[in-house]
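The values are calculated or read from the model by the stated rules, or taken from the named source; none is laboratory data. Since we're looking at a predicted model, the values are computed, not measured. Cβ atoms come from the backbone with ideal geometry, glycine included; neighbour counts cover every protein chain shown. We work out accessible area using only protein heavy atoms, side chains counted, and drop any ligands, DNA or RNA first. Shrake-Rupley method; radii C 1.70, N 1.55, O 1.52, S 1.80 Å.
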Amino acid sequence: MHHFVILAYNEEQNLPRLFTSLQAVATSLGSPYSVVLVNDGSTDGTVAVAEEFQTRMPIHIEHHSPNLGVAQGFRTGFRSALSMANDGDIIFTLEADNTGDLVLLSEMMKKIHAGADVVLASCYAPGGALRGLSFERKVMSRGINLVMKMLFPIKHCHTYSSFYRAYRSDVLREAVSRYGDGFIETNGFTVAAEILFKLRRLGVKMDEIPMVLQYDERKGKSKMKVWRTIMDYISFLVREVKQEIQFRFGGLP
């Protein structure tokens with residue numbers, strides 16, 4: 001079975017296209033599926049759109065009020081998906097804004113079945129690209145990912161910051177069990193990198209496929225604040241260096 005975790009904050013304009021595409025692609029994968037939508041305090045018609053599509057798709061809506069941010073969104077989404085998942089299932093995490101091509105889901109699934117524990121859709125892998133992103137965002141994204149790759153190299157990982165991934169459910173469950181509340185400690189967009197670092201320390205097998213990040217496909221403004229995110233990453237990396245030292249000399253932090 002496949003489980004799709006989607007975080008949404010004021011995504012009324014993007015969800016109809018996402019759900020329509022996801023319904024078609026998920027059905028083509030040939031396995032039952034569920035969708036966990038984490039409504040993170042939306043004030044527009046996000047919930048109404050999701051409720052409309054519940055008549056066509058198996059969508060479970062988790063509500064936050066007020067907005068609690070992406071880190072808590074992943075905590076809630078993983079908890080909900082894992083409560084439904086059996087060992088051997090695949091948990092996908094997706095952007096709600098149509099920036100990731102859902103056609104890639106079948107290739108990600110194949111890599112999981114071939115033995116990968118985590119598969120990343122990577123815009124910085126050979127063959128990947130960024131489309132429609134502002135110069136400021138491109139510089140920030142490229143710089144952050146280069147720094148992380150230098151400090152924390154992971155085989156088959158070129159993009160640390162993307163939410164578009166596939167996880168083997170039993171591996172994700174084991175990580176949550178091993179780390180407990182410490183599995184996700186950050187509060188911002190650094191959560192994507194934090195999850196990878198935590199899994200890396202458990203020795204999970206990672207793989208990736210190239211992705212064209214289609215930023216020109218989204219409607220509405222991004223929720224990311226560039227300079228705040230840069231400062232969050234600086235603080236995050238300082239903390240992760242300390243935790244890496246602790247891990248190397250004393251086991252899991």
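Once the whole set of protein chains is in place, how much accessible area is left on residue 156, using a 1.4 Å probe, in Å² to the nearest 10?
Roll a 1.4 Å probe over it and residue 156 shows about 90 Å².
Given the chain, what percent of its DSSP beta bridges are antiparallel, to the nearest 5? Provide the component values of the computation, followed by the final result.
Numbers: 7 of 33 bridges.
In the chain, approximately 20 percent of DSSP beta bridges are antiparallel ones.
What whole-number value in Å² describes the accessible area per residue of the range 27-81 for a 1.4 Å probe?
Working: 2380 Å² over 55 residues.
Each residue of the range 27-81 exposes 43 Å² on average to a 1.4 Å probe.
Please tell me which of these pairs span more than 20 angstrom C-alpha to C-alpha: 110/219; 205/242; 149/198; 111/149; 111/205?
With Cα atoms farther than 20 Å apart: 110/219; 205/242; 111/149.
Which percent of Cα pairs goes in each bin when the distances of the range 58-189 are cut into 5 angstrom slices starting at zero?
2, 8, 16, 21, 23, 17, 10, 3, 0
Looking at 169, 231, 94, which one has the Cα that reaches farthest to the positive end of the dipole of the chain (charges on Cβ: Lys, Arg +1; Asp, Glu -1)?
So the residue we want is 231.
Kindly give Rg over Rh for the range 137-213, based on alpha-carbon atoms, with the Kirkwood expression for the hydrodynamic radius. Walk me through the numbers on the way to the answer.
Details: Rg = 12.7 Å, Rh = 13.3 Å.
Reported Rg/Rh (Cα atoms, Kirkwood Rh): 0.95.
Using only alpha carbon pairs under 8 Å that are at least six residues apart, calculate the relative contact order of the chain and give it in whole percent.
23 percent
Using amide H atoms built in the peptide plane, which far-off residues or other-chain residues are under 5 Å from residue 7 H to H?
Under 5 Å from the amide H of residue 7 lie the amide H atoms of 38, 94, 96, each far enough along the sequence or on another chain.
For the chain, what is the Kirkwood estimate of the hydrodynamic radius, computed as the reciprocal of the mean inverse distance between distinct Cα atoms, to one decimal in Å?
With all distinct Cα pairs of the chain included, I get 18.4 Å.
As a test of the definition: which semi-axes, in Å, follow for the range 10-87 when you take the square root of five times each eigenvalue of its alpha carbon gyration tensor? Largest first, please.
On the way: eigenvalues 85, 61, 17 Å².
Semi-axis lengths for the range 10-87 are 21, 17, 9 Å.
How about residue 155: which aspartates and glutamates have a C-alpha closer than 14 Å to its C-alpha, ignoring those fewer than 8 places off in the same chain?
Output for residue 155: 117, 207, 208.
Using only alpha carbon pairs under 8 Å that are at least six residues apart, calculate the relative contact order of the range 45-189 and give it in whole percent.
37 percent
Cut-off under 24 Å on the C-alpha distance; same-chain residues fewer than 8 positions from residue 221 excluded. Which lysines are left, in chain and number order?
Answer for residue 221, where 24 Å is the Cα cut-off: 138, listed by chain and number.
Identify which of 162, 106, 83 has the largest mean-square fluctuation in a Gaussian network model of the chain, with springs joining Cα atoms closer than 10 Å.
For the chain, modelled as a Gaussian network with Cα springs under 10 Å, the answer is 83.
Given H placed on each backbone N at 1.01 Å, which residues far from residue 34 in sequence or on other chains put an amide H within less than 5 Å of it?
Sorted by chain and number, the residues that satisfy this are 2, 3, 4.
Would you mind working out the magnitude of the charge dipole of the chain relative to its Cα centre, with +1 at each Lys and Arg C-beta and -1 at each Asp and Glu C-beta, to the nearest 20 Debye?
800 debye
Once the convex hull of the alpha carbons of the range 1-135 is built, what does its volume come to per residue, in cubic angstrom?
Working: hull volume 16.9 nm³, N = 135.
Dividing the Cα hull volume of the range 1-135 by its residues yields 125 Å³.
Please label the shape of the range 113-163 as rounded, prolate or oblate, based on the square roots a ≥ b ≥ c of the eigenvalues of the alpha-carbon gyration tensor (a/c under 1.5 means rounded; beyond that, a/b larger than b/c means prolate, else oblate). It would help to have the intermediate numbers written out before the result.
Details: a/c = 2.69, a/b = 1.52, b/c = 1.77.
Oblate is the answer for the range 113-163, as a/c is 1.5 or above yet b/c matches or exceeds a/b.
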